Amino acid sequence: MWHTSKKLDSNTVNEAFSSLEYKRGKYLQMGDWNAVVFPKAKYKIKNWLTFEEGSICGVGTFGYKGKVYDQALPIIYDDFAQNQFDTTAFWGSFIILVYSGGKFSIIRDGACLTRLYALRDNMIFSTSLSGMIAHNQSKMTLDKDAATELLISGVLTGSRTLVKEIQRIINGQKTETVKIIETTPLTYKKPNNREEALDQQINITKDFFHKVTQDWLKYMPDGVTDVGITGGMDSRLVATLALNSQSKIVLHTHWRKAQHKDKDYHYANLFAEKTGMPLHIKKVIDPTEMTSEQLQQNFEQAYRLSDGVFRPGIYWDEVYSTFSYRSGLTTTPYLRYIGFGGEQYRNGERLPLKSMRSLKSWIKWEMNYQFAGRYFTSKKAAQKTEGQIRQNIVKQLGKVNFNLLSFKEYIRLIQSTSYRSLQSNMENRLGFCLNPFLDTNLSVPSLLAVPFLGKSLGFQLEMINRISPEIAAIPNGYGFDFRLQEPLKLKIAAIFWQFLLPWIKHPVYAKLNNHFRTDYIPKMAKKHEFIRELEEIVLQLNLPIDFAKHRLVRSRSRLMLNLGYFLKRNNEQLQF
């Protein structure tokens, strides 16, 4: 959307977005603002309404007062016009534009899961980073500091993007040009003990899933709930809650080349077998077996679907990041659930509830070293990048010592919006998708349970057991029976881990687990000139990263390839 003072043409905007595989959008004039709203790729649903005195449009997946998506729009508009708008009546991940009574506003989900970008003067906004780049008339500038942070940590803190002229509007951020309204969750009393906390979180999550399921099935009577399933605890909790709400459930998991050796693949099949739910698996070609032409096509498809945004897990050399793959997993209509965020119900990081641990130390060891080796070219470069990260986190969390509660707030306000929400943003371009645990209706109340999570996994295990002992009994990827709770040796290890000094435990852990080593990029670069080209583009940026070591990091190295393709594709739009 753009202010009328900006001389943009809706046809030009449509042309730019069509190059990213968006369907042709609907142009709306909304007072002093103009907007082009794009429909979902797999549905013929009109996601806008116009009236004599105003208009409304929305993207994402959302419900309001029992109605979903396009059926919710007239109710939202009427409530807005009559000053009866209820910010607690929403669920979902979305952006809604409403013009009524001469006033223009943006309504967004309170967790800020659906991305919203703005040019520096806040007169042009979009949910698509690549769309803003594609239709911009002048050259933009790569933010090398942001690129360094992303490759080192896997996230971008604060409002920065890879492009200096574009900022992401983060939680609670206001603009001078347009009113932004964030939805809010219901409020709950603080529990007095662990038993009350368990009952409270079980009831809140069950009620949320029941409400969403009932709203969805009224909207799409022939629809199903599609749950991504692995051997992990979070996907089990999603499946448990979905099954409890009595929805029609199907499962999906990603095909792996060595599926007989892959734990997630094995336990997903076992889960489907035990529950009788259909499991959808789509066989794909592994990146190591692709031709150079197939690789380039895959990078382009993935770039388009992710709107030019990449984070760990969204690697553009993987088929699962493309339109063709995600659109063919399940037949429509479906509501897809993603389990990211379930860790808020456990202390998987084994952090103490109270701590004097400095934010500076946590950024150095847990945020950077633990996942990417912290391979800077100099101490000065490390201090600069980590200092910027610290400033951004402090702006959102305040000056905190890093403990279990501040970590959960970091997950909710920073990591989820920068990183974990990307997959649902991609899915919502195609159809309907939710990250239930990241939804503000669950993520905010879950903080009430933090004092009772304990030192390890027990709280979430108890939730699964109480909701469905049958699902708790199904073998999982953790190596112990969920019904019997966590083994004593793991509980003792959790306590031990809390008291170990970070500069001792993380290097030792990394060495014992060979955590940083992979020969994936060296092998791919040896085989494909295209991969060598992407590496060379990044190397020429002279970022303060030791790429000889970083390219061998298992969990982060492929982000470098994504950055290379981002720059290669936008060579004419960006200067770097």
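The values are calculated or read from the model by the stated rules, or taken from the named source; none is laboratory data. Note that the structure is predicted; figures quoted are calculated from it, not measured. Reconstructed Cβ throughout: ideal geometry from the backbone, glycine too, with neighbour counts over all protein chains shown. Quick note on the areas: whole protein, heavy atoms, side chains included, nothing else; ligands and nucleic acids left out. Shrake-Rupley method; radii C 1.70, N 1.55, O 1.52, S 1.80 Å.
For V553, the test of being in a loop (DSSP other than H, G, I, E, B), open to solvent by less than 80 Å² (accessible area, probe 1.4 Å), out of contact with any Pro (no Cβ under 8 Å at 6 or more places or on another chain) and modelled with pLDDT under 95 is passed.
Given the criterion open to solvent by 30 Å² or more (accessible area, probe 1.4 Å) and not basic (K, R), identify the matching residue among Y43, Y22, Y77.
Y22
Considering L329, L305, L353, the condition of being touching a helix residue (DSSP H, G or I) at 6+ places or on another chain (Cβ under 8 Å) and over 30 Å from G458 (Cβ atoms) is satisfied by L305 alone. If you go through the range 118-128 and keep only what is touching a strand residue (DSSP E or B) at 6+ places or on another chain (Cβ under 6 Å) and either open to solvent by less than 10 Å² (accessible area, probe 1.4 Å) or β-branched (V, I, T) (or both), you end up with A118, I124, F125, T127.
Have a look at T12, T88 and point out the one that is closer than 22 Å to K174 by Cβ and among the β-branched types (V, I, T).
Of the residues listed, the single one that is closer than 22 Å to K174 by Cβ and among the β-branched types (V, I, T) is T88.
Look at the range 242-255: where a residue is at negative phi and of a type in the set (K, R) and a partner is outside any helix (DSSP H, G or I) and open to solvent by less than 20 Å² (accessible area, probe 1.4 Å), sitting 6+ places away or on another chain with Cβ atoms under 8 Å, you get K248/G223; K248/T225.
Within the range 336-383, the set of residues being basic (K, R) and either closer than 30 Å to V250 by Cβ or at pLDDT 95 or above (or both) comprises R336, R346, K360, K364, K379, K380.
For the range 365-399, the set of residues classified as open to solvent by 50 Å² or more (accessible area, probe 1.4 Å) and in a helix (DSSP H, G or I) consists of Q370, F371, K379, K380, Q383, K384, R390, Q391, K395, listed by residue number. Filtering K164, K189, K144 for residues that are of a type in the set (K, R), touching a strand residue (DSSP E or B) at 6+ places or on another chain (Cβ under 9 Å), on the phi < 0 side of the Ramachandran plot and open to solvent by 20 Å² or more (accessible area, probe 1.4 Å) leaves a single hit, K164. Would it be correct to say that L113 is open to solvent by 10 Å² or more (accessible area, probe 1.4 Å), on the phi < 0 side of the Ramachandran plot and under 24 Å from the mean Cα position of the chain (by Cα)? No, not satisfied. Being within 28 Å of P221 (Cα to Cα), small (G, A, S) and surrounded by fewer than 17 Cβ atoms within 10 Å (Cβ to Cβ) is a property that S358 lacks.
For the range 297-314, the criterion of being in a loop (DSSP other than H, G, I, E, B) and surrounded by fewer than 20 Cβ atoms within 10 Å (Cβ to Cβ) is met by at least one residue. Total residues in the range 511-533 satisfying the condition of being in a helix (DSSP H, G or I) and open to solvent by less than 80 Å² (accessible area, probe 1.4 Å): the figure is 8.
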